[in-house]
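**Student:** Here it is, the structure in full.
The values are calculated or read from the model by the stated rules, or taken from the named source; none is laboratory data. Keep in mind it's a predicted model, so treat the numbers as computed, not measured. No Cβ is skipped: glycine too gets one built from the backbone with ideal geometry, and neighbour counts run over all protein chains shown.
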Amino acid sequence: MNLFSIQDVTGPGLPLYHPPGKTVLKELEDFVEDLNKDAGYDYVETPHVFKTDLWHRSGHYENYADDMFIFDVGDDEFGLKPMNCPGHAAIFQDQSWSYRDLPIRYAENGKVYRKEQRGELSGLSRVWAFTIDDGHLFIRPDQIEREVEEIMDMITDVLETFDLEYEMALATRPEKSVGSDEIWEHAEEQLENVLEKRNLDYELEEGDGAFYGPKIDFAFEDAIGRSWDGPTVQLDFNMPDRFDLSYVGEDNDEHEPVMIHRALYGSYERFFMMLIEHYEGRFPLWLAPEQVRVLPISDNNLGYAHQVANEFDEFRVEVDDRDSTLERKIRAAHDDRVPYQIIVGDNEQADGNISVRDRFEDQEYDVEIDAFKAHLEAERDEQRTEPDFLQD
Ligand SMILES: [Zn+2]
C-alpha cells in the first residue's frame with residue numbers, strides 16, 4: 001500500500017512515511033487535534049534535541065541514559081529527547097502562575113527517540129523514532145478528578161471512533177515512591193472515582209504504578225487477538241518537584257502543581273500499525289489514502305472521467321487512465337483497497353451520471369453524481385468504520 005518504509009541506508013527503526021501513509025497519519029493527527037482543542041489544550045512545540053542539563057534535571061540522565069542517543073557538540077553534551085515531558089515542564093516553569101490559571105494543558109505531536117536493542121526492532125511497532133500524541137497538564141490537586149474524567153472522555157471518543165476492543169488497568173503506589181501519603185491516597189481515590197462513576201471494567205494492579213504516581217493504562221486488542229499498548233493517563237508528583245514548578249494559591253503561598261502525562265493513541269506508529277491489522281488494510285473512508293477512483297471504460301470516456309473526478313475534488317480521487325481493460329482496473333482498485341470505484345462508459349457519459357462499486361459488494365449501482373457525493377460526505381464526516389451500503 002506504499003504507506004511507509006524502513007531502509008538500510010536511512011537507518012534501523014527510523015520509519016519513512018510515504019505520501020499515502022502521511023495522508024492517513026495526517027487524518028489521525030487532525031482527529032486528535034480536534035479533541036485537544038475542544039478540551040482546552042494549547043499546542044506547543046519543542047526541538048528534538050536538548051542539552052543534557054535538562055535530562056539531568058528531569059532524572060532521565062541517571063535512569064534512562066542507556067536508552068538515549070547522547071552526543072557532544074564542542075564542550076556541551078546533548079541528547080535526543082526520549083520523552084516530551086521535560087520540555088513541557090520547562091515551558092510551564094518559564095512563567096508565574098496563579099491558582100486561577102490552572103489547569104494548564106499543553107499538547108504536542110512530539111517525535112521521540114529511544115535506543116531499543118536492534119534485534120527488537122519490528123515494523124512500526126518497535127522503532128527508534130516515533131511520535132507521541134502527547135499532552136501534559138499542570139493542575140491543582142483538587143482538579144485531578146475533573147481532568148482525568150475529561151481525558152477519559154477523549155479516550156472513549158478514540159475507542160468508539162475506531163471501534164476498538166480494549167482492556168484497562170489502574171496501577172497504584174509501589175513500595176518505592178516519591179510524594180506524601182496524603183497526595184497518593186487523594187490521587188488514587190480520585191482515579192477510582194472516575195472509573196467507578198463510569199462503570200468501567202478494569203484490572204486493579206496494586207503496587208504497579210510508577211514511583212512518581214498512579215496511572216491508568218489501556219491495551220488494544222486487534223483483529224487477531226494481539227495486544228497493543230494504547231492510551232495512558234499518568235499522574236506525576238516527581239517532575240514538578242525536580243523542575244521547581246509552582247503556582248500561587250488562594251492563600252498567597254507557593255504550591256506545587258500535579259502533572260498529568262496523557263496520550264490518546266500512545267505512539268502514532270504503533271497505533272497506525274494496529275489500525276492496519278485492525279482494518280486489514282481497508283481503512284474507513286475518512287482515513288483511506290485514496291478514497292475514490294474513477295475508471296473510464298475506454299479512452300473515449302477519459303475526458304468525462306476527469307470531469308467526474310473534478311466533481312469529487314473534495315475527496316482524494318484519482319483517475320485510472322492506464323490503457324487496460326475495465327476488469328483489470330476493477331481488480332487493481334480492489335487490490336489497492338480503494339473504498340469506492342466510479343465507472344464511466346458511453347451510457348454514463350450520455351446520461352451525465354455514474355456507476356459506482358464499493359469494495360465490500362460485488363455489485364454496481366447507477367447513481368446520480370450529487371446523490372453519491374452526499375453519500376460520501378456523510379460516510380466521511382461521520383467517520384464511520386462500516387460503510388452504509390449504497391442500496392440502503
Ligand atoms: Zn510525559
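**Student:** Among the residues of region 348-390, write down those that are farther than 21 Å from Trp286 by Cβ, surrounded by fewer than 12 Cβ atoms within 10 Å (Cβ to Cβ) and modelled with pLDDT of 90 or more.
**Tutor:** Those that are farther than 21 Å from Trp286 by Cβ, surrounded by fewer than 12 Cβ atoms within 10 Å (Cβ to Cβ) and modelled with pLDDT of 90 or more: Ala350, Asp351, Gly352.
**Student:** Select from region 316-354 the residues that are of a type in the set (Lys, Arg) and in contact (Cβ under 8 Å) with a residue 60 or more places away in the chain and write down the one among them that is farthest from Val367 (Cα to Cα).
**Tutor:** Step by step, filter region 316-354, then rank; the result is Arg337.
**Student:** Report yes if Gly230 is within 16 Å of the ligand (Cβ to nearest atom), under 15 Å from the mean Cα position of the chain (by Cα), on the phi > 0 side of the Ramachandran plot and buried (at least 22 other Cβ atoms within 10 Å of the Cβ), otherwise no.
**Tutor:** No.
**Student:** Test of understanding: among Val233, Val258, which residue is touching a residue at least 40 places away in the same chain (Cβ under 8 Å) and more than 19 Å from Asn36 (Cβ to Cβ)?
**Tutor:** Val258
**Student:** Follow-up. Could you identify the single residue in Glu160, Glu120, Glu116, Glu165 that is charged (D, E, K, R), without any contact (Cβ under 8 Å) to a residue 12 or more places away in the chain, closer than 30 Å to Ile224 by Cβ and touching a strand residue (DSSP E or B) at 6+ places or on another chain (Cβ under 9 Å)?
**Tutor:** Glu120
**Student:** Of all residues in region 210-221, count the ones that are surrounded by fewer than 24 Cβ atoms within 10 Å (Cβ to Cβ) and in a loop (DSSP other than H, G, I, E, B).
**Tutor:** 2
**Student:** Would you pick out the residues in region 283-308 that are closer than 22 Å to Thr23 by Cα and part of a loop (DSSP other than H, G, I, E, B)?
**Tutor:** Phe283, Pro284, Leu285, Trp286, Leu287, Ala288, Pro289, Glu290, Gln291
**Student:** For region 47-62, give me each residue that is farther than 20 Å from Trp128 by Cα and within 13 Å of the ligand (Cβ to nearest atom).
**Tutor:** Ser58, Gly59 - these are the residues of region 47-62 that are farther than 20 Å from Trp128 by Cα and within 13 Å of the ligand (Cβ to nearest atom).
**Student:** With the condition being within 15 Å of the ligand (Cβ to nearest atom), I'd like the strands (runs of 3 or more DSSP E) fully within region 63-126 carrying at least 3 qualifying residues.
**Tutor:** Strands (runs of 3 or more DSSP E) meeting the threshold: 104-113.
Let's see how each residue does on (1) β-branched (Val, Ile, Thr); (2) under 16 Å from Val112 (Cβ atoms); (3) surrounded by 15 or more Cβ atoms within 10 Å (Cβ to Cβ); (4) not assigned by TED's automatic domain parsing to the domain that holds Ile139:
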site	(1), (2), (3), (4)
Tyr43	no, no, no, no
Phe50	no, yes, yes, no
Tyr61	no, yes, yes, no
Tyr64	no, yes, yes, no
Asp72	no, no, no, no
Glu77	no, no, yes, no
Leu80	no, yes, yes, no
